Amino acid sequence: MTTDSSLSSRPNAREARRLRALAVALVVLRLALPLLLIHPAWEFHRDEFLYFAMGDHLEWFRMQFPPLIAVVARISRGVFGDAVWAARVPAALAGASLLGVLLWLARRLGGGAWSLIVIALGTVAAPVFLRPSVLMHPVIFDQLWATLAFAALVLSAVERAPRWWVLVGFAFGLGALTKFSVAFYILAAGAATLGIPALRVQLATRWPWVAAAIALLIAVPSLAGQVAHDWPFLQQMQALRGQQLERVTAAAFLTQQPLMLGGAALIVPLGVVAAVRGDRASQVTLLLLASIVALMLVLHGKEYYAGPAYPVVLVTGAVWLDRQRRAEPRGASVRVVQWGLPPLVVVMALLALPLGVPLLAPAAMARYASAIGVSAAVRTNQGDVLPLPQDYADMLGWRAQAAAVGKALHALTPEEQRDVLLVGSNYGEAGALAMYRERFGLPYPVSVAGDFHAWGTYGHSGNVSLLIDGPEGRARFERLFSDVREVERIEEPRAVGEEQDLRVFLARRPRAPVDSVWRTLGPRWN
């Protein structure tokens, strides 16, 4: 017989206040965790530089990719300048908001203090949730909006209240402003709607269609930007598939799921058991998870692409056991899980914490990654092995690059400095120069990489150019300039391969006007 997770036994007012205070405390702790623990040696992440540069070129309806991350970056940089807090605070706020949505859903479903604590522990014990709350990437916002949409879908089924579809549409609309992977989550929501009778009957009401209209309306800026730039998202996906996704096998995807979940992998089975036992909320979340995993297996998606499906599974599983615990306080199996699960999750959270938050200095982090022997943690998207997890390797050396370019720039004559063209070989290098331009007195840089290519050369002649690239870049630049000399060198052995040994080249006398050849040089999606 099917049962519903619901507030069938509502707490009294005093108990409700206690649970509300507990939820607030857990969210505040979740907000503080990445901000207080991160080691000061770590800099911005490569991708964050791109998002801040997108914020510098913000055009709501002409962005090459969904504009929300650029809006966040622009606001945050206005508050924090080029301090690393400009990236860390928005990410931490989104991570805390994600937990807030989960605890809200847990309370709506009748969860008590035990389930609230277990859910909070689960989000800390899972690197797939913890690390995105450190890095200002679209990933954490993607998780937030998908979780909000799935939570509303669960409530629509459990409470048999179609009005929750409005929140589904709002969340999916924000998801479309964040990342186009929202399409996968919409398909999963469609599968759950067709597979769950309590949701399927709601298709006869106006609410799902109102939700679709809301989502489409909010998504207009993202879609308009794609049309304006001839669908660059598809070009990037093609490049990504050729460089990374084809390496993702079904076996690798499935084996990575428990690793990225960490201690949260101990909670997920509760949702499976609850679904089998007839809990409607768990049935919805399990169908959502199964649909997304199936899509990722077919499309060779990266392992973390399935991440947004897990939070609601954690909630429904934990709440179901919490309700069983209160209904059967003397049940032996329930008591074993009740007392045994939280300590296990805590232990696994502590073991995985350095992989979620860079709380160790780079040298210590390299030793820790080697000691735990998790090969996926030190392997790049291209399969190269590094002494650090790739996200961490991408957080080193950028300020030194900008300082070296600044040194080379200020060695030029005042006339040359006024017209110099700064070129980064990838969006990380160009983005770092853009972020630190005021600190080191730099003009805005250019690059043929991705979005930077669309922003052009800002009218610089290119007669005098400073170019940052690896040693192999000299041959490329000599095809474009008559005079190329190396003037600075930057070494960072713990960075990703292309950033370990860089040179600053001074180039003069371009073989052809820069503007005339710019369009042929890019964009290069790397």
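The values are calculated or read from the model by the stated rules, or taken from the named source; none is laboratory data. Remember, it's a predicted structure, so these values are computed and weren't measured experimentally. Neighbour counts are summed over all protein chains in view; Cβ atoms, including those assigned to glycine, are modelled from backbone coordinates with ideal geometry. Surface areas here come from the heavy atoms of the whole protein model, side chains and all, with no ligands, DNA or RNA. Shrake-Rupley method; radii C 1.70, N 1.55, O 1.52, S 1.80 Å.
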Backbone N under 12 Å from the residue 520 label point (7 Å along Cα→Cβ), restricted to the stretch 457-483: 480
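Can you give the FRET efficiency to the nearest 0.05 for residue 454 and residue 512, using r as the Cβ-Cβ distance and R₀ = 22 Å?
Details: r = 20 Å, r/R0 = 0.93.
For residue 454 and residue 512, the calculated efficiency is 0.60.
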message: If a paramagnetic tag sat 7 Å from the Cα of residue 14 along the Cα-Cβ line, which residues of the stretch 90-116 would have the backbone N under 19 Å from that point?
response: 112-114
field: DSSP bridge pairs, the chain: antiparallel proportion in percent, nearest 5
entry: 70 percent
task: Once every Cα of the chain carries one equal point scatterer and solvent is ignored, give the base-10 log of I(q)/I(0) from the Debye formula at q = 0.13 Å⁻¹, two decimals.
output: -1.27
statement: Under 18 Å by backbone N from the virtual spin label 7 Å along Cα-to-Cβ at residue 485, the residues of the stretch 504-526 are 504-511
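Based on the Cα coordinates of the stretch 87-144, what is the per residue volume of their convex hull in Å³? Let's see the in-between values first.
Working: hull volume 3.7 nm³, N = 58.
Taking only Cα atoms, the stretch 87-144 has a hull volume of 63 Å³ per residue.
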field: Computed accessible area, residue 193, all protein chains, 1.4 angstrom probe, square angstrom
entry: 10 Å²
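Give the relative contact order (percent, whole number) for the stretch 138-295; include only Cα pairs under 8 Å separated by 6+ residues. Let's see the in-between values first.
Details: 153 pairs, mean separation 43.7, N = 158.
So the answer I get is 28 percent.
What's the long-distance tail for the stretch 256-337, i.e. % of Cα pairs beyond 17 Å?
Numbers: 1606 of 3321 pairs.
That fraction is 48 percent.
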message: Relative contact order for the stretch 11-100: what percent, with Cα pairs under 8 Å and sequence separation of 6 or more?
response: 39 percent
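Of 407, 179, which has the most accessible area with a 1.4 Å probe, and how do the rest follow in descending order?
Numbers: 407 135, 179 50 Å².
So the residues, ranked largest to smallest area, are 407, 179.
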The chain: angle of helix 232-243 to the longest principal axis, Cα-based, in degrees nearest 10: 90 degrees
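Using only the alpha carbons of the stretch 344-486, what is the convex hull's orientation-averaged projected area in square nanometres? All intermediate terms of the calculation are to be shown ahead of the outcome.
Working: hull surface 44.4 nm².
Across all orientations, the stretch 344-486 yields a mean hull projection of 11.1 nm².
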- line: Taking a ≥ b ≥ c as the square roots of the eigenvalues of the Cα gyration tensor, with a/c under 1.5 meaning rounded and otherwise prolate when a/b exceeds b/c and oblate if not, the stretch 197-319 is oblate
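At 1.4 Å probe size, with the rest of the protein present, what percent of the exposed accessible area of the stretch 440-526 is carbon and sulfur atoms?
Working: 2010 of 4110 Å².
The value for the stretch 440-526 is 49 percent carbon and sulfur by accessible area.
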message: I need the Debye-formula profile for the stretch 1-143: one equal scatterer per C-alpha, no solvent, reported as log10 I(q)/I(0) at q = 0.11, 0.16 1/Å, two decimals.
response: -0.51, -0.86
- prompt: Hey, if we sort 415, 159, 48 by accessible area with the 1.4 Å probe, largest down, what's the order?
  reply: 415, 159, 48
Heavy-atom accessible area order for 61, 180, largest first, 1.4 Å probe: 61, 180
message: Please report the accessible area of residue 255 (heavy atoms, 1.4 Å probe, ligands and nucleic acids excluded) in Å², nearest 10.
response: 80 Å²
message: On C-alpha positions alone, give me the angle between the axis of helix 13-37 and the longest principal axis of the chain, in degrees, nearest 10.
response: 20 degrees
statement: Under the 7 Å Cα-to-Cβ spin-label approximation, residue 28 and residue 367 lie apart by a distance in nanometres of 3.6 nm
query: Which whole-number percentage describes the relative contact order of the chain, with Cα contacts under 8 Å and a sequence gap of 6 or more?
result: 17 percent
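By its C-alpha gyration tensor, with a ≥ b ≥ c as the square roots of the eigenvalues, how is the stretch 387-460 shaped: rounded for a/c under 1.5, else prolate for a/b larger than b/c, else oblate? Display every interim value, and only then the final one.
Working: a/c = 2.91, a/b = 1.44, b/c = 2.03.
Here the stretch 387-460 falls in the oblate category.
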query: How many nm is it between the label spots at residue 21 and residue 223, if each spot is 7 Å from the Cα in line with the beta carbon?
result: 4.9 nm
query: Based on the Cβ-Cβ distance of residue 160 and residue 230, what FRET efficiency does E = 1/(1 + (r/R0)^6) give at R0 = 35 Å, to the nearest 0.05?
result: 0.20
field: Helix 280-299 axis, angle to the chain major axis (alpha carbon atoms, nearest 10°)
entry: 30 degrees
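Share of Cα-Cα pairs in the stretch 48-124 beyond 15 Å, in percent?
On the way: 1806 of 2926 pairs.
Percentage above 15 Å: 62.
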- prompt: Can you work out the FRET efficiency for the pair residue 461 and residue 58, with r the C-beta to C-beta distance and R0 = 35 Å, to the nearest 0.05?
  reply: 0.80
query: Per-residue accessible area for residue 279 at 1.4 Å probe radius, Å² rounded to 10?
result: 0 Å²
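What part of the accessible area of the stretch 79-128, given as a whole %, is carbon or sulfur when the probe is 1.4 angstrom? Walk me through the numbers on the way to the answer.
On the way: 910 of 1210 Å².
Reported share for carbon and sulfur atoms: 75 percent.
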